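No lab work stands behind these numbers, since they all come straight from the coordinates. Remember, predicted model here, so these are calculated numbers, not experimental data. Neighbour counts run over all protein chains shown; Cβ positions are idealised from the backbone, glycine included.
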Amino acid sequence: MPFKKPIDDLTGFDLSEDFQQFDQKNDIYCRSLWDTAVQSDKAKAFFNGYFMPEARSRRTDGFNQRDYALRNATWHVTNVLRDIRRQDTGRKEGFFDYFSSHEAGWPEPYPFESPDQASADVRKVAKLCGADLVGFCAFDERWMYSGIFNEQTLASKANEIPDDLANVIVLGESMDEDLTRTVPSALSGSATGMGYSFDALTLLTLAQYIRNLGYRAYATMNDSSLAIPLAVQAGFGEVGRHSLLITPEFGPRLRLGRIFTDIPLTHDTPKKIGVPAFCQICDRCATGCPPAAIPFEPPSPKTHNRSNLIGVTKWTVDAEKCFKFWVNQNTDCSICIRVCPFNRDYSRWYNRIWRNIANSPLRRLALWLDDKLTNRRRHKSSWWWRKKQ
């Protein structure tokens, strides 16, 4: 497997000869199930808290019963789809295994006139199914998990995605901007939960459409591959200091899904929106991170622990510190999203002007404007509940 490809010249990815495919077993959430360095009673309680009897609500803004009630409800659809085959087969779909809830499709492939026609159709249907962003790229084995975590054996198993599928459809679901203003809180976790639930619905519907056309389609969410590298290759945006994807439409407020398929598609071109240059002068996410998990230093191949990629020069978050903070507050955290200057409503003209300034030699002015004009302090959850829709 080559560690460098021509697409890297467009994405800016910097891989070395030391590069290794990532084994999902080393993902921080998987490690909390088998690695004594991460396991704890608090970690177990954290995961159990996504079901109301175990939510451990308290009389603190953003963490009361009403807040947990909404957060856990937003995860309900995802949980149902995740567990639909779990008892019988052990599959945890969308997280450790691709979605398998599909009907038989058409036996012969639909004869598109060209990949452009197929791409236009798939893009239109994806939007109909609820996708906020849609992009296409080539299958890249470097970003496939070398092994998939097996929850029953606590070991790795083979990745089941066929390696002869030429294309990847990347789908993006935006997260609610107002909810992210209440981070950290259980309430803000509702933005994540809704992102996953919309993503699962969109993925299953679009994959079934492609199968109905007579092509193969494997819908994936957190399983099977790394998401961000493929999203960059599909033209979504660039990676920031906080290791999150930043897009020109939603900044870092995005959940990602992928469909691996053999339907003919025209690949999108990676975008340059000035994120690396801006992040070089901006450290708001690193400054705002309570556990100090985000680096202040320039991109490097440094790794903190086994939950990091090996052989890639980039900004790398210390996943152990990050996850420990999640566990201690009993909900997921996205302070780095809340404080990121790219986190804006780009339907507003002045935010689009700001984005243009940020992607220019005047980026220091953009940073100054964000500091002076944007309130990035945490909003109380009571503010969200009172706010009119």
In whole Å, what three semi-axes, largest first, describe the equivalent ellipsoid of the chain built from its Cα gyration tensor (square root of 5 times each eigenvalue)? 30, 26, 22
List, in the order given, every pair from 44/92; 5/25; 5/314; 314/372; 5/321; 321/387 whose Cα-Cα distance in the structure shown is over 22 Å. 5/25; 314/372; 5/321; 321/387
Please report 381, 156, 40 as a ranked list, fewest other C-beta atoms within 10 angstrom at the top and most at the bottom. 40, 156, 381
Under 14 Å from the Cβ of residue 82, count the other residues' Cβ atoms, weight Lys and Arg +1, Asp and Glu -1, and hand me the total. -3
Using the Karplus equation 6.51 cos²θ - 1.76 cosθ + 1.60 (θ = phi - 60°), what ³J(HN,Hα) coupling, rounded to whole Hz, does each residue of the range 279-284 give in order, writing x for Gly and Pro? 5, 4, 9, 10, 10, 4
Calculate for the chain the 222 nm mean residue ellipticity that helices alone would give, adding -39,500 (n - 2.57) per DSSP H run of length 4 or more and normalising by residue count, nearest 500 deg cm²/dmol. -10000 deg cm²/dmol
Rounded to whole Å, give me the distance from the Cα center of the range 56-81 to that of the range 288-337. 25
Using a 10 Å cut-off around each Cβ, can you sort 103, 141 from fewest to most neighbouring Cβ atoms? 103, 141
Charge dipole magnitude, Cβ of K and R +1, D and E -1 - the chain, Cα centre, debye nearest 20: 2060
Net charge contributed by nearby residues that have their C-beta within less than 11 Å of residue 266 (K/R +1, D/E -1): -1
For the chain, give me every cysteine whose Cβ has no other Cys Cβ within less than 4.7 Å, ordered by residue number. 30, 129, 137, 279, 282, 289, 322, 333, 340
Final fewest-first order of 74, 205 on the 10 Å Cβ neighbour count is 205, 74
Which of the helices in the chain meet the span-like rule: DSSP H, Cα axial reach of 18 Å or more, Kyte-Doolittle mean at least -0.5? 189-212
Can you check how the C-alpha radius of gyration of the range 125-168 compares to 2.2 N^0.38 Å, as a plain ratio? 1.57
Which of the lysines could be linked to residue 388 by a straight reach, that is with a Cα gap under 22 Å, when you skip same-chain ones fewer than 8 residues away? 380
